[in-house]
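These notes concern the structure reproduced below.
The values are calculated or read from the model by the stated rules, or taken from the named source; none is laboratory data. Keep in mind that what you see is a predicted model, and the values were worked out from it rather than measured. Cβ placement follows ideal geometry from the backbone for every residue including glycine, while neighbour counts extend to all protein chains displayed. Areas reflect the complete protein model, heavy atoms only, side chains present, ligands, DNA and RNA absent. Shrake-Rupley method; radii C 1.70, N 1.55, O 1.52, S 1.80 Å.
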Amino acid sequence: MRVSFTLNGTVTQAEVPPGTTLMELLRGLGAVSVKDGCARGDCGSCAVLLDGRAVTACLLFAGQVEGRQVRTAEGLADEVGLHPLQQAVLDAGGVQCGFCTPGILMAAVDLLDRIPDPTEAQIREGLAGNLCRCTGYVKIVDGIRDAAAMLAATGRTTDGEEAGDG
Amino acid sequence: MAEKYEVVGHNERRVDGTALVTGKPVFVADLPERPGTLHLALLTSPHAHARIRAIDTARAEALDGVALVLTHENTPDRTYTTAGQGYPEPSPYDTRMFNPKVRFVGDRVAAVAADSLATARAALGLIDVEYEVLEPVLSIDAALAEGAPLVHDEPCPDAWDAEHNIAAYSEAVAGDVEAGLAAAHTTVDVTIETHYGQHVPIEPHVVSSYLDEHDRLVLVSSTQVPFHARRIVGRLLDVPIHRIRVIKPRIGGGFGVKQEILIEDLLALTTLRTGRPATMSYTREQEFHASRTRHPMRIRVRLGADEDGTLQAIDMDVLSNTGAYGTHSLTVLSNVGSKTLPLYNLAPDVRFIGKAVYTNLPVAGAYRGYGATQGQYAMEVAIDQLAEALGMDALELRARNHIRTGGTSPIFRALGEGREGVEQTVSSCELEACIEIGADRIGWATKRGRRHREGSWVHGIGMSVHMQGSGIPLIDMAAASIKLNDDGSINLDVGATDLGTGSDTVLGQIAAEVLALPLEKVIVTSSDTDRTPFDTGAYASSTTYVSGTAVQRAAVAVRDQLIAAAAEMLDADPTTLEVASERVSDPDGDSVSFEKIALRALYGENQHQIAATASSVPESSPPPFIASFAEVAVDTDTGQIRVLDYVVAADCGTAVHPKLAEGQIEGAVANGIGYALVEDLAIDDRGRPRAIDLGRYKIPAATDLPRIETILVDSYDPTGPMGAKSIAEIGINAPLPTIANAVHDATGIWLTESPFTSERVLQALRAQGSGSGTG
Ligand code: FES
Ligand code: FES
C-alpha cells in the first residue's frame, strides 16, 4: 500500500506492505531516531509527533498517518543549531546512553507546546510514558525546565516560530 | 578539586552529545542494512528442564527464504562460558551453543536465519521438537536437597561440584568468628532473601555481522566487552582472532547484561556458514526470558559487638542461585563478601562462606552492583538491628566502625575475582563527610525515630553506607593510544567501552587536561578491536580509573614529545618548558603552538609522528563510598511504600565530569528503588517468568520516583587519574537497605525479603500487630 504524509516538513510518499507500523515506516525512511525499545507501547522510545501530539509509533499503522504531519527528532534542529530542548537536555546532563532521548524530546515538545511553563510534577507527568533506565530522570527534568525558560526568554514556540497572540 | 583543572572537573559538552540528541544513526540497529542480510529468530525452551529427544528442522528449512537452521545437531559441541571476563574466565565452562538438554525456560533450542524476520519467525513454528520433560530444580533448597535432579549431569570439571548442583564455592576466614560472637556483648542474626531482577537496558541485545572485503568476519555489537567477545567467539567457532573484528558503536545501556556473549556466536556462525550479512535483536520478551538477571540470594549475617558498639565479629553465609548456567557465579558470589566486609574493618573475627547453586531457573549474570547489592542489603539491615539492640544511633554505630583512609581489611587479600585478592590500604575515604552531609540534608536529627503520621501514612527515615571498587586489581588492563595531527589536535584511541555512561567524554577530558587542549580537539575513537588498543571492557566500575590511567599516561608521553620538539624549535632546555593553552613556552615567554610543532614534526625537520601508547594495570581498586538516605511513607492500610525524598552523598574521588557522575548515582538509585519495590521476574511454579514485557515488569517512570539528590563530596584519590575513583555501580546497592531501614523507622517492621511489595509489608505489619486490621 501507498502512504503519503509530511515528514519533518517534507512531503513523503512510501510503499509499504499492509500491517507495517509507523515505527517501521519511519525507520525504513531513515528516521532512525525512532527507536524500538519494546514494540508494544510500553517504553516511549519510538515517540513521534503526529499533528503536534506525541504518539508511540510502534502502536500505529503506517496507513494512519495518511495526509498528516509527522515530526521526529531528526526534524528538531535547524540550520542555526540544536533545538532549545536538545541543547538544554544535553547541557543538563539528561543524556546518558541516549537511546531514550529522541522519544523523550518529542514528548517534551508536546508538553511545552501544551504547557509552556510546567511545574516539576507536570514535567514528570509529561514523561510518564517514556522510560529511561540510565538517568533516574532528574537531569532530563532539569533540561526540560531549562528549555522552557529558554523558550520563554526568546519568545519562541517549540516549532521555532515566534509565539503569536493566541 | 575542580579549580585545579581546566577540563577535568568541568561539565564539558559530551563528545557524542550532538549525534545522540539529533537521532543520528549511531546504534547497531540504525546502521543501514547490507544487501542480502539474513534475519535471525530464536526458538527457546518452554520447559524448565527437558531433554530434546528429537528435533526435526526439515519443514523449516524447506520454507521459502530460510537460509539456515541451527540446532545442537549442526553446531560446535565445545563448552564455554558466556561470561565476558578476562582470560581464563573464572566462570565454569558449562554452556554449549545449543544443547540436547535444555535447562531453563528460555534456553536455546534452535535459531533460524531467513530473508526476513517474518519468515524466520514463521519457520520457528515449523520446527518439530520432541521433549522428554525432566523434573526441574526450582529453588536453592531444591537444588541442595538430597537426591535432587542434576542440572548439569554431564561432566562439568570446572564447576565446584556439579554432582551436587554447586556451581561455585568461596570462603575467607580471619580470626575465630564463633569465639568472637560468643564473647560479644551484643549480637544480631539476620537472614535476608532477594529475588530475580532484570537489567532492562532500553536497547535490547542487538548484533549485526558481515564479511568485509577481505572476508574477515565483522561483528557490530551492543556489547560491554568487545575484546572478550572477539576472543570467546573465536574460540567457540574455531576462527583465528585475526579473522574477527568486533565494533561497538553507541549502545543503549548495559548494566552488566551486555557483559555476556549472548548472541554474537549465532550471528558469527550464520555469516560464516552462508557468507551473508546477518542481524538479530532480542525482543523485549527474550530480554526477560533468554537473557541474564540478578542472582537471587539468601544471606545470613551475624554480628557481634562490644558494649560501645565496636564490631568484634562478622559472619556472612551466602547461598546464591546462579540459575541454569554458572556465568559469573563465582565472582558475583565472592563479591558479596569482598565488597561488603571491608567496610567494617575493625572486627578481628570475620568469616565468609558462600555457595552458588545451579537451578532450572533464569540464568543470573553480571548486574551493576555485582553481589554487593545483595551483600550490603544484608549487612546494612544487620547494622541497623545492631544499633537498635545497643540503643545506639545508626549513624553513630557506623561512624564508630567504618573503614577510613589508611585502613585495610584481611578480606581485600582473601577474596578476589575467583582467586585470592590483592592486599590494599584504602587510599581515600570521605565516608565520614558523606554521612554528615547526607544526614544534615535529610534532616536526620529532627526526623529519625519520630514516626510522624498523616492519616494512614506513617513517615520514617533510614540510611545505609556503601562501598564498591574501581576495577579489578592486577587483572584488568586498559590501553590508550594518542597521536598528534597537523593542526595540533589529537586522536585518542581507547579500547574502553562507553556503554552509555559518557566514558568517551571522561577519557577525552583526561587527555585534554594533560595536554592543555580544549576537548573539541580530542577526537575519541573507542571499542573497535581493529582500530583501538586492548581494554578488558566496561565492567567492575573500571573505566575512569583503569582506562583513565592509561589515557593519562599516554597523554603525558605525548606531552613529553611535544616538549622535546619544542625545545629544538625554541633552542631551550626541555626541563624549563611549560605546556598551556595548546602551546609550549619557555621561561622568557617565547612559545610555539602545538600546530607549529605538529607541522614541523610531520613535514619539516626531524620528521616523526608524535604519538604514544600506554597501558594500565591497577595495583589496587580504591573503593568509592556513599552514604544513602531516604524518607519514606508507609500506608498502614495497604502496605504501600512511597519514597518521598532520596539523598546520596558520594565520594568518587575527583568527579571528572560532575554531571555525568551525579547521573550515574541517580540512575543507579532509580534502578535500585525499582528493584526494591516492584521489579520482579515473578517466576511461576513451573519456572516460567511471568514478566514478559514492560507492562508486567515495571521499571520506574518519572512519576514513580522522587527527585533523587546527589551531593559529590570533595575527595581526591592519590592513585587515580587526577584523583578519580569510580561511581558507576555503587548507587544501586543503596535502596534495598536504605528503604528497609526507613520502613523500620516508620513502622517497626524489618523487611528482610525483597521486593517490598504492599502484600509483604502488610503481612509484616499484621504479624507485628500494627496493621489496620489489628489497630
Ligand atoms: S517501541 Fe514503541 S513504545 Fe516501546
Ligand atoms: S539515557 Fe539511556 S535509557 Fe535514557
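Sort through A:Gly126, A:Gly52, A:Gly75 and tell me the only one that's surrounded by fewer than 16 Cβ atoms within 10 Å (Cβ to Cβ) and of a type in the set (Gly, Ala, Ser). If you could, list the steps in order and put the result at the bottom.
Numbers: A:Gly126 fails: surrounded by fewer than 16 Cβ atoms within 10 Å (Cβ to Cβ); A:Gly75 fails: surrounded by fewer than 16 Cβ atoms within 10 Å (Cβ to Cβ).
Going through A:Gly126, A:Gly52, A:Gly75 in turn, just one is surrounded by fewer than 16 Cβ atoms within 10 Å (Cβ to Cβ) and of a type in the set (Gly, Ala, Ser): A:Gly52.
Go through the stretch B:493-523 residue by residue and tally those that are open to solvent by less than 30 Å² (accessible area, probe 1.4 Å), under 18 Å from B:Ala611 (Cβ atoms) and in contact (Cβ under 8 Å) with a residue 60 or more places away in the chain.
Matching residues across the stretch B:493-523 total 8.
Say whether the condition of being away from every other protein chain (no Cβ under 14 Å), more than 30 Å from A:Cys132 (Cβ to Cβ) and in a helix (DSSP H, G or I) is met by at least one residue in the stretch B:468-480.
no
Looking only at the stretch B:192-203, decide whether some residue is at positive phi and out of contact with any strand residue (DSSP E or B) (no Cβ under 9 Å at 6 or more places or on another chain).
yes
From A:Gly28, A:Gly41, which residue is open to solvent by 10 Å² or more (accessible area, probe 1.4 Å), away from ligand 1 (no atom under 14 Å from the Cβ), among the small types (Gly, Ala, Ser) and not assigned by TED's automatic domain parsing to the domain that holds A:Ile144?
Exactly one of A:Gly28, A:Gly41 is open to solvent by 10 Å² or more (accessible area, probe 1.4 Å), away from ligand 1 (no atom under 14 Å from the Cβ), among the small types (Gly, Ala, Ser) and not assigned by TED's automatic domain parsing to the domain that holds A:Ile144, namely A:Gly28.
Within the stretch A:102-110, can one find any residue that is in a loop (DSSP other than H, G, I, E, B), at the interface with chain B (Cβ under 9 Å from one of its Cβ atoms), surrounded by 24 or more Cβ atoms within 10 Å (Cβ to Cβ) and within 16 Å of ligand 2 (Cβ to nearest atom)?
No, that holds for no residue.
I need a count of the residues in the stretch B:1-36 that are open to solvent by 30 Å² or more (accessible area, probe 1.4 Å), within 12 Å of another protein chain (Cβ to nearest Cβ) and touching a His at 6+ places or on another chain (Cβ under 9 Å).
The qualifying residues number 2.
Conditions (1) surrounded by fewer than 21 Cβ atoms within 10 Å (Cβ to Cβ); (2) assigned to a loop (DSSP other than H, G, I, E, B), marked per residue:
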| residue | (1), (2) |
| --- | --- |
| B:Arg686 | yes, yes |
| B:Pro700 | no, yes |
| B:Thr703 | yes, no |
| B:Glu709 | yes, no |
| B:Tyr716 | yes, yes |
| B:Gly731 | no, no |
| B:Pro737 | no, no |
| B:Ala740 | no, no |
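Each row is one residue, and each column tells you yes or no for (1) under 26 Å from A:Leu112 (Cβ atoms); (2) within 16 Å of ligand 2 (Cβ to nearest atom); (3) within 14 Å of chain B (Cβ to nearest Cβ); (4) not small (Gly, Ala, Ser).
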{"residue": "A:Thr6", "(1), (2), (3), (4)": "yes, no, no, yes"}
{"residue": "A:Gly30", "(1), (2), (3), (4)": "no, no, yes, no"}
{"residue": "A:Gly37", "(1), (2), (3), (4)": "yes, yes, yes, no"}
{"residue": "A:Cys43", "(1), (2), (3), (4)": "yes, yes, yes, yes"}
{"residue": "A:Leu50", "(1), (2), (3), (4)": "yes, no, no, yes"}
{"residue": "A:Arg68", "(1), (2), (3), (4)": "yes, no, no, yes"}
{"residue": "A:Thr72", "(1), (2), (3), (4)": "yes, no, yes, yes"}
{"residue": "A:Ala77", "(1), (2), (3), (4)": "yes, no, yes, no"}
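Considering only residues of the stretch B:673-722 that are more than 30 Å from B:Leu515 (Cβ to Cβ) and acidic (Asp, Glu), which is farthest from the other protein chains (Cβ to nearest Cβ)?
Among residues in the stretch B:673-722 that are more than 30 Å from B:Leu515 (Cβ to Cβ) and acidic (Asp, Glu), the one farthest from the other protein chains (Cβ to nearest Cβ) is B:Asp685.
Of all residues being of a type in the set (Asp, Glu) and at pLDDT below 95 in the stretch B:412-453, which is surrounded by the fewest Cβ atoms within 10 Å (Cβ to Cβ)? Just the residue, please.
B:Glu420
For the condition within 16 Å of ligand 1 (Cβ to nearest atom) and either within 28 Å of B:Glu12 (Cβ to Cβ) or over 14 Å from the mean Cα position of the chain (by Cα) (or both), what is the one hit in A:Thr119, A:Thr135, A:Thr101?
Details: A:Thr119 fails: within 16 Å of ligand 1 (Cβ to nearest atom); A:Thr135 fails: within 16 Å of ligand 1 (Cβ to nearest atom).
None of the others qualify; the one that does is A:Thr101.
Does A:Val34 meet the test of being open to solvent by less than 30 Å² (accessible area, probe 1.4 Å), in a loop (DSSP other than H, G, I, E, B) and in contact with a helix residue (DSSP H, G or I) (Cβ under 6 Å, 6 or more places away or on another chain)?
Spelling it out, A:Val34 is indeed open to solvent by less than 30 Å² (accessible area, probe 1.4 Å), in a loop (DSSP other than H, G, I, E, B) and in contact with a helix residue (DSSP H, G or I) (Cβ under 6 Å, 6 or more places away or on another chain).
Restricting to the stretch B:298-324, name every residue that is open to solvent by less than 10 Å² (accessible area, probe 1.4 Å) and either among the polar types (S, T, N, Q) or closer than 22 Å to B:Asp158 by Cβ (or both).
B:Val318, B:Ser320, B:Asn321, B:Thr322, B:Gly323, B:Ala324
Which one of B:Ser456, B:Ser503, B:Ser481 is within 28 Å of B:Leu562 (Cα to Cα), out of contact with any Leu (no Cβ under 8 Å at 6 or more places or on another chain) and at pLDDT 95 or above?
Step by step, each of B:Ser456, B:Ser503, B:Ser481 is checked, and only B:Ser503 is within 28 Å of B:Leu562 (Cα to Cα), out of contact with any Leu (no Cβ under 8 Å at 6 or more places or on another chain) and at pLDDT 95 or above.
What is the one condition in (1) more than 11 Å from ligand 1 (Cβ to nearest atom); (2) in contact with a Gly (Cβ under 8 Å, 6 or more places away or on another chain); (3) among the polar types (S, T, N, Q); (4) not assigned by TED's automatic domain parsing to the domain that holds A:Gly9 that A:Ser33 does not satisfy?
(4)
Given B:Val647, B:Val669, B:Val678, which one is open to solvent by 10 Å² or more (accessible area, probe 1.4 Å) and at pLDDT 95 or above?
Matching residue, one of B:Val647, B:Val669, B:Val678: B:Val678.
From the residues in the stretch B:185-219 that are more than 30 Å from B:Ile683 (Cβ to Cβ) and buried (at least 23 other Cβ atoms within 10 Å of the Cβ), which one is farthest from ligand 2 (Cβ to nearest atom)?
B:Ser209
Among the residues of the stretch A:62-74, is there at least one that is away from ligand 1 (no atom under 16 Å from the Cβ) and without any contact (Cβ under 8 Å) to a residue 12 or more places away in the chain?
no
Among (1) under 24 Å from B:Ala120 (Cα atoms); (2) within 14 Å of chain A (Cβ to nearest Cβ); (3) buried (at least 18 other Cβ atoms within 10 Å of the Cβ); (4) without any contact (Cβ under 8 Å) to a residue 40 or more places away in the chain, which single condition is B:His39 missing?
Exception for B:His39: condition (4).
Please state which one of B:Val257, B:Val246, B:Val233, B:Val239 is open to solvent by less than 10 Å² (accessible area, probe 1.4 Å) and farther than 30 Å from B:Gly17 by Cα.
Working: B:Val257 fails: farther than 30 Å from B:Gly17 by Cα; B:Val246 fails: farther than 30 Å from B:Gly17 by Cα; B:Val239 fails: open to solvent by less than 10 Å² (accessible area, probe 1.4 Å).
Among B:Val257, B:Val246, B:Val233, B:Val239, only B:Val233 is open to solvent by less than 10 Å² (accessible area, probe 1.4 Å) and farther than 30 Å from B:Gly17 by Cα.
If I go through the stretch B:381-415 residue by residue, how many of them are touching a residue at least 60 places away in the same chain (Cβ under 8 Å), under 23 Å from B:Gly653 (Cα atoms), in contact with a helix residue (DSSP H, G or I) (Cβ under 7 Å, 6 or more places away or on another chain) and not β-branched (Val, Ile, Thr)?
5
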